[in-house]
Every structure is written in C-alpha cells, then in structure tokens.
C-alpha cells in the first residue's frame, strides 16, 4: 500500500540538487524543475518519479498502449516520446527504414509508474511510495555530490556552416516552389569519448540557463539534460493548452538595450509570420480533438523573457471532446508544429532528407500524467543528450526557415541557442 508523507523543504535549491543525484541511483528516473516560473500554471515547483514500479509495453502502438496503461493504473505516470515516433503516426508516408545514425539511442518511447513519487510544493517536500517515506527522506538527505571532473570535450559540428547555408537556401527554394511555408531545420553538435557526471552537468546547465520546463531524464544509462523553455501540451480537466514558441533574440546586460531588443522581437514581421504559421498549425492539430468552436488563441505574439534570450510565445487552448482520450489528443498534435513546420508532413519529409542524423529524443517530449488524467509535456529543446556507455554526447539546435529567411542569420540563431549548452559541456 502506498504511503504519503510531507517534510519541510528547507533550502529548496540544495534539496533539488540532492533529489537529482539521488534519483540517478535508479535505472530510470525523470525530474522536472519549474525553476520558480510560477506563471507556467503548475502546482509544483519540482516533481519527480524514480524507479520502475510498472512499465507500459508500447511496441508499435505507442498511444494505444499508453491509454491502456493509464486506464489500468490510475497512478502517476512519467515518460517521454521521441521525435521519430512520427514514423508510427504517419506510416504511409514514412515507409522506409531510416538508416541515418542516432549516436545516443534513446528508446522511441518510454512510460512508467515510479516506485517513488516526489514533489516540492511551496515549502514542502511530498514523498509517496510503497516503502517508508521517512527512510526515503533520510536517504535523500544523506546524498552526496560527485566531485569528479568531466573529461575535455572536443565539440564537432555534424553539418558545418557551409553545408548548413546551402541546405537553408535549398529549403527556401522548396518554399518558393510552393512545397511548404515553413520548415524547422536543425543541426547536431557532438563530442565522442566524453566522460562526465550527468547529474553535475544537468545542475550546471540548470543554473546557467534556468527554464520552466527543465528536466533530468535517465533511462538505460542514457541521459537527457534539458533546459527547455517550451510547453508542448498541458491538460487540466477537459481543457488542453499548447504554447508554441517561434521567435528568438539574445538579451543584453544593459537594461535599455535589452528592452530595445525585446521590442525589436515583438515587432519583427518575419518572426510574427513564423509564429502565426505555427499557431495556425497548432489550432488545426488541436481541432482534431476539440469541441467545435472551443479553440482560442489565449495569447498571440507574447514576449517571454529568460536569462539569455527573449522568446515569442503564443498560447492556444481548446476543450477536449468527451469521446477523445488524452492520449489521442497527444497523438493528433505530435510531433509539435514548432519543431516541424507547415504543412507538417511535407516539413517532416524534408527534415528527413536534409538532416544527416535522426533527432531521437531531441524535439520530442517529456512529461507526466496525474492519477486524475491531467498532464504536462514539454518540448525537448536546449538539451544535452548523453550515452554514458558509449561516451557520446549530442545537442541539436534549429530555426524556422521561411521564404524571408537569411541563411546566415538562421545559422547565428542556432549558435545563440546552443551557447549555454556549449558552456556547460566545456566547463572544467
């Protein structure tokens, strides 16, 4: 029988750090840190699941299996969806086996009921488990931190600037030909023979670039160290929300200049055009699951400020139809439009053609489902992926390519997005 107990959180930053290191002792764990972004409409500042009590067997029918698993369990469920699930969602389009490499090798999906559920709400740590919560609390509080240094990293670009610029121009030619309106084109940066403590690396990244949808994931000795500012989907009751992010500009330490940059982003016609294209796509995705007439653009072209960048974010919401299970709503909107393009299927076909590696968990989603069927899933961007067995580290970044894109500016945007990731990896 599961037991629940509450404890004073004390120094929350220290406690979160201990929880990350402690959760890493299990074969599987997922930890979310809201980083005090209380505007994200979540009741918890930190939420985690550690250890596997039960696991969904997804096979080739991921969303059907997840529905069955959630209906049987009625417990907290944590998990992730990799971008390449698109092949399952659109089997008539993506028929051929994808032979592009994936150096990290996360599973295409993974969902589990944790042995131990933990959450920080206000100034309280909540522990729920079949084991004694007090014993678990003592174990957490006695957790130490790794002191080993990470090995030097030689970060390489999979694509290279010249190849990237050529690809962007060719994608613009597709747009000019009427094949599509927008495509999110990404490039990989990687390091081989790299050794580091992933818990330390995540804590460093989370300190350098705190984000509302940050998460630490461990599965089969593969790690996701994620500093995502973007929400894919949230469900509260019968209401579902998506917050596509399109439009990025770097910040300045000078307040006057920083405000000028913020206003520049807000009024940039190209960025607004990118954003509204994806908002229209998200509206279409949600409409497949929504009560007719219930879709709203709650926020359009909102500027959200983070430590290193300003981002243009829109919020779209809808009421879920009674005959639609939340797993179907996720399927209908996945992969998210902000990481694909419009029209979505054509964009994904061109992504497969132009990107030399699989995306894997990058531009996928990590999330949790409550016993009541509410959920919150992020967009996996601004993230380090690490295979500890093969000592292979990877991070990717992309931007939205439209007819108005300047290839070199798109390249610079990618460099801006990976800046904190590089700094974390290269830290001594």
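The values are calculated or read from the model by the stated rules, or taken from the named source; none is laboratory data. Everything numeric in this text was worked out from a predicted model, so none of it was measured. Glycine also receives a Cβ, built like all others from the backbone with ideal geometry; neighbour counts cover every protein chain displayed.
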Review point. Within the stretch 314-347, how many residues are more than 17 Å from the chain's Cα centre (by Cα) and outside any strand (DSSP E or B)?
Key: 15
Exercise for review: Would you please name the residue that is farthest from the chain's Cα centre (by Cα), looking only at residues in the stretch 118-174 that are in a loop (DSSP other than H, G, I, E, B) and over 20 Å from residue 200 (Cβ atoms)?
Suggested key: 132
Exercise for review: Return the total of residues in the stretch 213-231 being buried (at least 24 other Cβ atoms within 10 Å of the Cβ) and in a loop (DSSP other than H, G, I, E, B).
Suggested key: 2
Check your understanding: From the list 94, 106, which one is in a loop (DSSP other than H, G, I, E, B), surrounded by 16 or more Cβ atoms within 10 Å (Cβ to Cβ) and out of contact with any strand residue (DSSP E or B) (no Cβ under 9 Å at 6 or more places or on another chain)?
Key -> 94
Check your understanding: What number of residues within the stretch 33-84 are surrounded by 20 or more Cβ atoms within 10 Å (Cβ to Cβ) and in a helix (DSSP H, G or I)?
Key -> 7
Check your understanding: Does any residue in the stretch 401-428 that is over 20 Å from residue 311 (Cβ atoms) come within less than 9 Å, Cβ to Cβ, of a residue that is exposed (fewer than 14 other Cβ atoms within 10 Å of the Cβ) and at pLDDT below 95 six or more places away or on a different chain, and which pairs are these?
Key -> 426/152; 428/149; 428/152
**Study point:** Selected residue (only one of 116, 126, 175, 140 is under 24 Å from residue 35 (Cβ atoms) and out of contact with any helix residue (DSSP H, G or I) (no Cβ under 8 Å at 6 or more places or on another chain))
**Key:** 126
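So that you can scan it fast, the table gives a plain yes or no per residue for (1) out of contact with any helix residue (DSSP H, G or I) (no Cβ under 8 Å at 6 or more places or on another chain); (2) surrounded by fewer than 19 Cβ atoms within 10 Å (Cβ to Cβ); (3) farther than 22 Å from residue 331 by Cα:
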{"residue": "190", "(1), (2), (3)": "yes, no, yes"}
{"residue": "203", "(1), (2), (3)": "no, no, yes"}
{"residue": "233", "(1), (2), (3)": "no, no, no"}
{"residue": "246", "(1), (2), (3)": "no, no, no"}
{"residue": "257", "(1), (2), (3)": "yes, yes, yes"}
{"residue": "271", "(1), (2), (3)": "no, no, yes"}
{"residue": "282", "(1), (2), (3)": "no, no, no"}
Check your understanding: Which one of 265, 261 is touching a helix residue (DSSP H, G or I) at 6+ places or on another chain (Cβ under 7 Å) and not in a loop (DSSP other than H, G, I, E, B)?
Key -> 265
